[in-house]
1. Share of Cα-Cα pairs in the chain beyond 42 Å, in percent?
2. Within straight cross-link reach of Lys153, meaning Cα distance under 26 Å, which lysines are found once same-chain residues fewer than 8 apart are removed?
3. How would you order 597-603, 700-706 from highest to lowest mean count of nearby Cβ atoms within 10 Å?
4. Can you give the relative contact order of segment 147-276 as a percent, counting alpha carbon pairs under 8 Å and 6+ residues apart?
5. So who's got an amide H within less than 5 Å of the one on Gly197, skipping anything under 5 residues away but keeping other chains? H placed 1.01 Å off N, in plane.
6. For Ala371 and Arg420, FRET efficiency with R0 = 25 Å and r from the beta-carbon atoms, rounded to 0.05?
7. Would you give the gap between the C-alpha center of segment 298-337 and the C-alpha center of segment 627-681, rounded to a whole Å?
8. Quick check on packing: order 95-102, 423-430 by the mean number of other C-beta atoms within 10 Å, highest mean leading.
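Any read-out appearing in this document is the output of simple, stated calculations on the displayed coordinates, not a laboratory observation. Please read all numbers here as calculations on a predicted model, not as lab measurements. Glycine gets a Cβ as well: all are built from the backbone with ideal geometry, and neighbour counts include every protein chain shown.
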Amino acid sequence: MTKPVDTAPKPPIARRDERAVEQHGRSRIDPYAWLKDDNWREVMREPSRLRDDIRAYLDAENEWTRENLESVTADLQNALFEEMKGRIKEDDSSVPAIDGEWAYYRRFRDGGEYPLLCRRPSERAFETNADDEQLLLDGDELAVGLSHFDMRKAAHSPDHRYVAYAVDDKGSEFYTLRIRDVATGRDIDETIPDTYGEFVWGADSVSLYWVSRDENARPVAVHRRKLGSGADELVYRETDPGFFIGVQQSQSRRYIFITANDHTTTEWRYFRSDAHQPDPVLIAERERGVEYGVVEFDDRFWIRTNANGAVDFSVVSAPVDAPGRANWTVEIPHRPGVLILDIEPFADFLVRLERENGLPRIVVRARETGAEHAIAFEEAAYSLGVSAGYLWDTPLLRFEYSSPSTPAQVFDYHMADRTRVLRKTQQVPSGHNPADYVVERIDAPAGDGEQVPVTLLRRKDTPVDGSAPLLLYGYGAYGITIPADFRTARLSLVDRGFIYAVADVRGSMAKGYQWYLDGKLEKKGNSFGDFVAAGRHLVKLGYCEAGRVVGMGGSAGGMLMGASVNLDPELFGGMIAAVPFVDVLNTMSDETLPLTPPEWPEWGDPLRDVAAYDLIEGYSPYEQTSDKPYPPMLITGGLTDPRVTYWEPAKWTAKLRHAAPNGGPYFLRINMEAGHAGVSGRFASLRETALEYAFALAAVGKADGVKLR
């Protein structure tokens, strides 16, 4: 019989250091500021350098969580893990993508944690004869002896001789760029450390254009490395700390683009990929609040942009040799409520992905005639993704379709004939019948009358009478919309009687770009109000009862959890806040942190704007924690996380324990060997999901023998 948590020893209590912070004539006390190591930059690169007193506190928190949550739910976690693992095809592989004489794909071996990058002759791309395969990179082998392994990107050179790949072994997102010689199967004696993990090949197959990071871990410059030179040439450096730099290549591979962006403003430059002395040409000067993205199509640049009041974006074109805004010609006009998400060019077709009324669709446009058609789908909620692949002069578009109940399907679509070939259906080895599940989409009225889309997944035999527990997931920032896709792990909750719901609150782009604008800066409170309204509406409709809702969100979604539980703690029976961005005021006031300057357009700048200070202070979960009947919470973080630093969840947990000792319990779990994405490896990551789901089940009394309060 497992022991109930409420009889366990008391959790660790962090010391309080009543440190006063003065801003704009206002004073606040930050009693747990000491948890931020002054040496945080070095800690991201070398976790062993963490200050001893901070390590001792984090170790104590981890030990308390192990003893009082992990150990008492160990059997349940193991059952969940085995279920989730059983739904994954262990020797799975991607659909090969053809590039000239070779077709490239990734696959896993039985029991393997990391992908293998492979290729076979293109004429046998869709055959399964293993004798044709060339193994280029073995992720399992590369990860041997490492506590963390992340291969962010791997890309072959145009002549197929080399494979460049970026590896992070700390979780801090400082990637080392390596180059594998395909003929020898070994890396050449040339590496590039401390990159951002973004790079493209030049047309000569020996030039690599890569992005470097500065001392504050921000991506700031593009360099060129010619293999064999051991030296780098600066191509472009950004001077504004609020803009991050990226590099990408046009689909035709004729051009390389350098991008500069914060969350709401972009600026692009280009040069030819065969340039001997690349001199980036500005496409359109940055203008605050104006976003644009560029592709090459029909011998012009086609540009997706929200310029000139096109809130949901339009598409314009411009001559390659004179791409400035004065020469932009509207090709696809702005249509309010129809959000253009992406455009993908081919030699004779332009594909765009757009969303209307919360649902995505694919539209194909013929270059010669301008005629358009959409690809039809029928389910109430679903997810779409398009992949341009490597080819330029091709009539084939690859896209992926799934829904919360339908496993992913990969199609090759013939854009001229309007026919499709099913290349792959996601296999669920332990079995799955979509007919056993119900997918619904409802609108929940917010306090100001707006309708918040909510997508629900449940078993057909789960009653809608208030007796079922419900997990309510949300994010609501940066315009990111949670796709209505198929996730095998969720079935472990749904098959145990949970209803799984996703609320597309303001701050996402579920209902267009305005939906995002209405959930940021001075309107950020809409996100939190929408989430609570969605939960309360689901209670009203009989999907669950108050106190039986488990909230879940990560990163900026963790802020959503913290602010929402402050608004309505009695709605929730539990809260899962993964790497939560909860110390908003202090983080946005520290411009040395990696993400702070680029984040000001999203949240506001409390250093220079007193109104932004007051606004953020009014909702920041850390600042607003008080003596309330908070539910049990599972709060996680990563020691080397450069996005949401480890001290944010640690400080929040400490303050919750001090301010609301009768709430909770509060479980803090800091991964001492990982960053923002958690542990690496496809099965190892399931262990973290199993803990989260075991907590959710325990929070609503569905974990036998475990009581959380």
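1. Within the chain, distances greater than 42 Å cover 27 percent of Cα pairs.
2. Output for Lys153: Lys85, Lys89, Lys170, Lys226, Lys424.
3. 597-603, 700-706
4. Values: 304 pairs, mean separation 18.6, N = 130.
Here the relative contact order equals 14 percent.
5. Tyr175, Val211
6. E(calc), rounded to 0.05, equals 0.85.
7. If we compute the Cα centre of each part, the gap is 44 Å.
8. Details: 95-102: 16.6, 423-430: 14.5.
Those peptides, ordered most packed to least, come out 95-102, 423-430.
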